[in-house]
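What follows is one structure encoded as structure tokens, with my remarks underneath.
The values are calculated or read from the model by the stated rules, or taken from the named source; none is laboratory data. Remember, predicted model here, so these are calculated numbers, not experimental data. Quick reminder, even Gly has a Cβ in these numbers, built from the backbone with ideal geometry, and neighbours come from all protein chains shown. Note: areas computed on protein heavy atoms with side chains; ligands, DNA, RNA excluded. Shrake-Rupley method; radii C 1.70, N 1.55, O 1.52, S 1.80 Å.
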Amino acid sequence: MARSDSFPAMLLFTVVALAGLAAGARAGDIAIYWGQNGNEGTLAQTCATGNYKFVNVAFLPTFGKDQTPVLNLAGHCNPATNGCTGVGADIKSCQRLGIKVLLSIGGGGGSYGLSSTGDARKVAEYLWNNYLGGTSPSRPLGDAVLDGIDFDIESGGSMYWDDLARFLKAYSRRSGSKPVYLAAAPQCPFPDASLGRALTTGLFDYVWVQFYNNPPCQYSSSAGVGGLARAWAQWTSIPAGRVFLGLPAAPQAAGSGFVTASDLVSQVLPVVKNSTKYGGIMLWSRFYDGLTGYSDAVKSQV
């Protein structure tokens, strides 16, 4: 009897375990932006929450067109006086936790753009030597080697971003170099006005699409999930590694597009998880996530 009783129990355990593995196959991660509010805590504190697998350090809003690149970490530190080199220790702390830390270039403001293929090559060289695996006497974040570059290109035209991606990715092939990961944060209308061409290169590992501030393709309780689902199908057709659903972490974090945690879990995630390219969600930003606890509320369901 003991043996016959235990067999169904063992079978049930196996079925449940396999079901868990199947469900886990689409388990996603959370990416976050950090750096634009001095009240959001340190980078090390952000990573210590255990909620994020990717942190985009934002922003490098001035580069290209023969400009001297300028880092802006808002209220955290002043790079002009070498005041941000201490962030390097936090970057290493995050990386020890298995978190990828990327430098986000561009942003909603700033002065950036590329004037030629040669300009793209110069910007790639600057990023390599000052933030990635190269060497420079003026590394703004100290000797920490970031994991890659995030393209948050919202102005500056649509030309030569594909060249910048190629030049940056080429550094991954250097002997002894660790991989250079590339990410992008396009708007949800497809194709993206700035990065559409670059995203056809197949060089981007992570694409966190901004499904906010764009009513036709964002979710709302009144419009439903249809517009988002159509845009998501387009975005998951591009030659990229993993595609993430980008969301504001609080109503005040964006002009429109905030999705409540309950609607995300019940209405939106079931749609986006149908893609094999589903990577998880991206949140803007750590400051707002700290206010609402959004990632705490949804992490187990992402």
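Taking 16 Å as the cut-off, the amide N atoms of the range 207-232 that come nearer than this to a point 7 Å along the Cα-to-beta-carbon line of GLN267 belong to 211-232. Relative contact order of the chain: 17 percent, from C-alpha pairs under 8 Å at least 6 residues apart in sequence.
3J(HN,Hα) couplings calculated from phi for the range 97-106 with the Karplus curve 6.51 cos²θ - 1.76 cosθ + 1.60 (θ = phi - 60°) are, in sequence order, 8, x, 9, 7, 10, 10, 8, 8, 9, x Hz; Gly and Pro show x. In terms of Cα atoms, the Rg and Dmax of the chain work out to 20.4, 81 Å. Phi angles of the range 130-144 translate, via the Karplus equation with coefficients 6.51, -1.76, 1.60 and θ = phi - 60°, into HN-Hα couplings of 9, 9, 10, x, x, 10, 7, x, 10, 6, x, 10, x, 8, 5 Hz per residue; Gly and Pro are given as x. Under unit Cβ charges (Lys, Arg +1; Asp, Glu -1), what dipole magnitude, rounded to 20 debye, does the chain have relative to its Cα centre? For the chain, the charge dipole is close to 700 debye. Note on the chain: with neighbouring protein chains present and a 1.4 Å probe, carbon and sulfur make up 54 percent of its accessible heavy-atom surface. Between 0 and 90 degrees, the angle of helix 161-170 with respect to the longest Cα principal axis of the chain falls at about 80 degrees. Here the dipole of the range 143-197 is about 380 debye; that uses its Cα centre as origin and unit charges on the Cβ of Lys and Arg (positive) and Asp and Glu (negative). Taking the average, over residues, of other Cβ atoms within 10 Å as the packing measure, peptides 288-296, 79-87 rank 288-296, 79-87 from highest down. Annotation: amide H of ASP29 within the under-5 Å range of GLY280, ILE281, sequence separation 5 or more or interchain, hydrogens built in the peptide plane. With the simple model of a label 7 Å out from the Cα in the direction of the Cβ, THR49 to THR276 spans 3.3 nm.
Using the rule -39500 (n - 2.57) for each DSSP H run of four or more residues, divided by the residues of the chain, the 222 nm mean residue ellipticity is -8500 deg cm²/dmol. Comparing GLN234, GLN252, GLN267 in a Gaussian network model of the chain where C-alpha atoms under 10 Å apart are linked, the largest mean-square fluctuation is found at GLN252.
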